[in-house]
Amino acid sequence: MATQSSSFQRVLVVIGLISWVGLTIGGLAYWSMQSQRDFDPQQTFASAAMAPEYPQAIVASMSKQYPGLTKTVVHIQQEGCSCNFSNNIHADRIDYKLDKFQYHSLHVSASSLPSNIILPSLPAIMIFDEQGELGYFGPYSSGYFCSTNSAIVDRFLDNILLNTHLGSAVISEGYGCYCQNTLAES
């Protein structure tokens with residue numbers, strides 16, 4: 001009788017553990033899907049970026065607020081965004097790489113950007129090259145959790161560092177872990 005009770009208890013423990021693991025994985029999947037969205041769902045960023053003077057306008061407005069943008073990366077986040085955690089890992093990796101090329105890093109909130117900069121989602125990144133021109137502006141990554149494995153910015157980073165890029169890359173496409181810029185709503 002004692003062995004039947006012991007076997008029954010083991011079965012209950014195994015069923016409980018399987019249920020707990022299943023609920024945990026399901027909860028994580030549900031939570032992460034809540035942050036999955038298009039980077040530029042209304043195409044406002046894409047529309048603004050089509051103007052030939054857009055990169056120069058970004059440089060001009062950012063330079064007023066943050067003088068000396070030559071060889072600078074600007075990491076842009078929004079407080080309370082659930083995507084910041086995975087993004088911080090990517091930002092640290094980029095900072096480490098850029099440090100070898102004497103770039104400096106600014107970590108700013110979306111609220112500290114000049115008001116004329118259209119940015120529908122966060123986190124985002126700007127990279128200003130060694131001439132102080134805009135080399136890249138857009139999301140870090142796309143895909144599930146926006147991991148460094150699905151990095152968009154990395155495709156452009158080496159060319160910017162080697163000064164072989166052809167103008168500014170303003171990227172508005174991406175589907176991943178982004179938070180809506182609450183300042184863009186107003």
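The values are calculated or read from the model by the stated rules, or taken from the named source; none is laboratory data. Keep in mind that what you see is a predicted model, and the values were worked out from it rather than measured. For neighbour counting, all protein chains shown are included, and Cβ atoms are generated from backbone atoms with ideal geometry for every residue, glycine included. For the accessible areas, the whole protein counts, side chains as well, though only heavy atoms, and no ligand, DNA or RNA atoms are used. Shrake-Rupley method; radii C 1.70, N 1.55, O 1.52, S 1.80 Å.
A few comments on the model shown:
- Looking only at the range 106-124, and only at residues there that are exposed (fewer than 15 other Cβ atoms within 10 Å of the Cβ) and among the hydroxyl-bearing types (Ser, Thr, Tyr), the one that is nearest to VAL59 (Cα to Cα): SER115
- Within the range 42-55, the set of residues being assigned to a loop (DSSP other than H, G, I, E, B) and either in contact with a helix residue (DSSP H, G or I) (Cβ under 9 Å, 6 or more places away or on another chain) or surrounded by 15 or more Cβ atoms within 10 Å (Cβ to Cβ) (or both) comprises ALA51 only.
- For the range 104-154, taking the residues that are over 21 Å from GLN65 (Cβ atoms) and of a type in the set (A, V, I, L, M), the one that is modelled with the lowest pLDDT is identified as ALA151.
- Only one of LEU157, LEU98 that is touching a Phe, Trp or Tyr at 6+ places or on another chain (Cβ under 9 Å), under 18 Å from LEU69 (Cα atoms), outside any strand (DSSP E or B) and open to solvent by less than 30 Å² (accessible area, probe 1.4 Å): LEU157
- Screening the range 56-87 for residues that are touching a helix residue (DSSP H, G or I) at 6+ places or on another chain (Cβ under 9 Å) and loosely packed, with under 15 Cβ neighbours inside 10 Å and picking the one that is nearest to LEU134 (Cα to Cα) gives GLN65.
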